[in-house]
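*Asks:* I'd like to ask you about the structure that follows.
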Amino acid sequence: MNLMMGVFGSSNRGKSETLIFLIKLFEQSDRYESFMATKPRPGGEKDLMAVFGRDGLKIGISTLGDLGSQVEKSTKELAEMGCNVIITATRTRNKTVVAFETVAEKFSFKKLWFEKNNNVDDYCNNWPNKQAGFETIKRSHFNQSNMMDASFIFSYIDGLPG
């Protein structure tokens, strides 16, 4: 089974942070071996790619999701490395989605979408009293949300047959 998951949302929703947490979960798990150590990519300081595997399942993760060319290049590279599960960040529409779908179709991947939660940001933008320490509170909630999303995706992938 070939599966490509797009973690999508508009800017500053925590897509890359979620995937960074996901990479850490794979790195910490005794069930997975690393085929490609986490390496930085040219999309920005935080952008990473990594490949893990267990029982014939090869999982590639890319945090690159701001530009269509980045999504296309990174997902194509992971597919050519033999990954049968690819997880990448994308925006909600336009070039990143087109790139995602193009690579998925070219390599016969089933497409699966995971939407990042918008509620934390929406509530924080309308917070009634932004007291001292508000940004710390907001960041804490974003981190918790991103860790939960990463844990959910990890559990989903971990449940796939090898």
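The values are calculated or read from the model by the stated rules, or taken from the named source; none is laboratory data. Predicted, not measured: the structure shown is a model, and the values here were computed from it. Backbone-built Cβ (ideal geometry, glycine too); neighbour counts: all protein chains shown. Calculation scope for accessible area: heavy atoms of the full protein, side chains included, ligands and nucleic acids excluded. Shrake-Rupley method; radii C 1.70, N 1.55, O 1.52, S 1.80 Å.
*Asks:* I'd like to check which helices (runs of 4 or more DSSP H) are fully inside the stretch 1-110 and have at least 3 residues that are open to solvent by 20 Å² or more (accessible area, probe 1.4 Å), in contact with a helix residue (DSSP H, G or I) (Cβ under 7 Å, 6 or more places away or on another chain) and under 30 Å from His141 (Cβ atoms).
*Replies:* The helices (runs of 4 or more DSSP H) meeting that bar are 15-28.
*Asks:* Could you grab me the full set of residues in the stretch 29-64 that are at positive phi and modelled with pLDDT of 70 or more?
*Replies:* Of everything in the stretch 29-64, those that are at positive phi and modelled with pLDDT of 70 or more turn out to be Asp55, Gly56.
*Asks:* List every residue pair whose Cβ atoms lie under 9 Å apart, where the two residues are 6 or more positions apart in sequence or sit on different chains, the first residue falls within the stretch 4-17 and is within 16 Å of Val98 (Cβ to Cβ), and the second residue, located anywhere, is assigned to a strand (DSSP E or B) and open to solvent by 40 Å² or more (accessible area, probe 1.4 Å).
*Replies:* Met4/Lys110; Met4/Lys111; Met4/Leu112; Gly6/Lys111; Gly6/Leu112; Gly6/Trp113; Phe8/Trp113; Phe8/Glu115
*Asks:* For the stretch 92-117, name all the residues that are in contact (Cβ under 8 Å) with a residue 40 or more places away in the chain and of a type in the set (D, E, K, R).
*Replies:* If the condition is that a residue be in contact (Cβ under 8 Å) with a residue 40 or more places away in the chain and of a type in the set (D, E, K, R), then Lys110, Lys111, Glu115, Lys116 are the ones that fit.
*Asks:* Still on this structure, I have one more. Which residue is modelled with the lowest pLDDT, if the candidates are limited to the stretch 111-133 and must be in contact with an Asp or Glu (Cβ under 9 Å, 6 or more places away or on another chain) and open to solvent by 50 Å² or more (accessible area, probe 1.4 Å)?
*Replies:* Asn117
*Asks:* State whether the residues of the stretch 140-154 include one that is assigned to a loop (DSSP other than H, G, I, E, B) and open to solvent by 80 Å² or more (accessible area, probe 1.4 Å).
*Replies:* No.
*Asks:* Next up: If the Cβ limit is 8 Å and pairs must be 6+ apart or interchain, which residue in the stretch 133-157 that is touching a residue at least 12 places away in the same chain (Cβ under 8 Å) and at negative phi pairs with which residue that is outside any helix (DSSP H, G or I) and β-branched (Val, Ile, Thr)?
*Replies:* Final answer for the pair search is Asp149/Val7; Ile153/Val7; Ile153/Ile87; Ile157/Ile59; Ile157/Val85; Ile157/Ile87.
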